[in-house]
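Participant: My questions will all concern the structure given below.
The values are calculated or read from the model by the stated rules, or taken from the named source; none is laboratory data. Because the structure is predicted, anything quoted here is derived from the model rather than measured. Don't worry about glycine lacking a Cβ; one is built from the backbone with ideal geometry, like all the others, and counts go over all protein chains shown.
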Amino acid sequence: MELLAPIPTLATPSLQETVDFYVSVLDFTCKTLDETWKFASIQKDKVTMQLVHPQAKFPFGSSTPFEEPVFTGAIYIHMDGIDELWEKVKDRAEVCFPVQNFDYGMREFGIYDNNGYLLQFGQQISA
């Protein structure tokens with residue numbers, strides 16, 4: 001048995017606005033946008049995420065009204081080129097914390113997407 005990769009599934013009341021955020025701010029590509037199923041799939045390099053409307057027709061949907069994300073963690077993306085991405089996004093998204101080095105050997109920053117989900121980006125600092 002081998003686990004391959006997690007694919008976060010984020011609820012959003014507006015698929016198109018969320019796809020637009022990830023495409024324009026973070027350079028993701030929209031692989032699927034299906035308004036009938038209320039589902040989208042976005043990808044950049046080795047990162048894939050799914051977006052669903054709260055009332056989607058398949059298992060991710062619910063009858064609970066969506067007011068804000070209830071996800072209590074963060075989507076953490078390990079990467080190379082963190083300073084380049086920081087320069088691109090710092091004025092285009094709400095910043096949770098600016099790019100900085102941490103004692104545990106990572107250079108990281110955090111932003112919120114258009115729904116309020118926390119996206120953290122980290123790059124290992126060379127020894």
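Participant: Filter segment 90-112 down to the residues that are touching a strand residue (DSSP E or B) at 6+ places or on another chain (Cβ under 6 Å) and in contact (Cβ under 8 Å) with a residue 60 or more places away in the chain and list them by number.
Facilitator: A93
Participant: Name the one entry in I7, I42 that is within 28 Å of E84 (Cβ to Cβ) and in contact with a Cys (Cβ under 7 Å, 6 or more places away or on another chain).
Facilitator: Values: I7 fails: in contact with a Cys (Cβ under 7 Å, 6 or more places away or on another chain).
It is I42.
Participant: Can I ask one more? Please count how many residues of segment 34-59 are surrounded by 17 or more Cβ atoms within 10 Å (Cβ to Cβ) and in a loop (DSSP other than H, G, I, E, B).
Facilitator: 3
Participant: Under 24 Å from I125 (Cα atoms) and modelled with pLDDT of 95 or more: which single residue out of Q100, Q16, Q43, Q50 fits that description?
Facilitator: On the way: Q16 fails: under 24 Å from I125 (Cα atoms); Q43 fails: under 24 Å from I125 (Cα atoms); Q50 fails: under 24 Å from I125 (Cα atoms).
Among Q100, Q16, Q43, Q50, only Q100 is under 24 Å from I125 (Cα atoms) and modelled with pLDDT of 95 or more.
Here is a yes/no grid of residues against (1) surrounded by 17 or more Cβ atoms within 10 Å (Cβ to Cβ); (2) not in a strand (DSSP E or B):
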residue	(1), (2)
E87	no, yes
R92	no, yes
C96	no, no
R107	yes, no
I111	yes, no
N114	no, yes
G122	yes, no
S126	no, yes
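Participant: List pairs: first residue in segment 16-33 and in a helix (DSSP H, G or I), second residue among the hydroxyl-bearing types (S, T, Y) and modelled with pLDDT under 95 anywhere in the structure, Cβ distance under 7 angstrom, at least six positions apart or on different chains.
Facilitator: T18/T12
Participant: I'd like to verify a number: residues in segment 1-13 that are touching a Leu at 6+ places or on another chain (Cβ under 6 Å) and either modelled with pLDDT of 95 or more or not in a loop (DSSP other than H, G, I, E, B) (or both), how many?
Facilitator: Of all residues in segment 1-13, those touching a Leu at 6+ places or on another chain (Cβ under 6 Å) come to 10, 12.
The next check asks that each one be either modelled with pLDDT of 95 or more or not in a loop (DSSP other than H, G, I, E, B) (or both); those that pass are 10.
Selection size over segment 1-13: 1.
Participant: Among the residues of segment 34-44, what is the count of those that are under 13 Å from the mean Cα position of the chain (by Cα) and in contact (Cβ under 8 Å) with a residue 12 or more places away in the chain? If you could, list the steps in order and put the result at the bottom.
Facilitator: To start, the set of residues in segment 34-44 that are under 13 Å from the mean Cα position of the chain (by Cα) comprises 40-44.
Remaining after also requiring in contact (Cβ under 8 Å) with a residue 12 or more places away in the chain: 40, 42-44.
Matching residues across segment 34-44 total 4.
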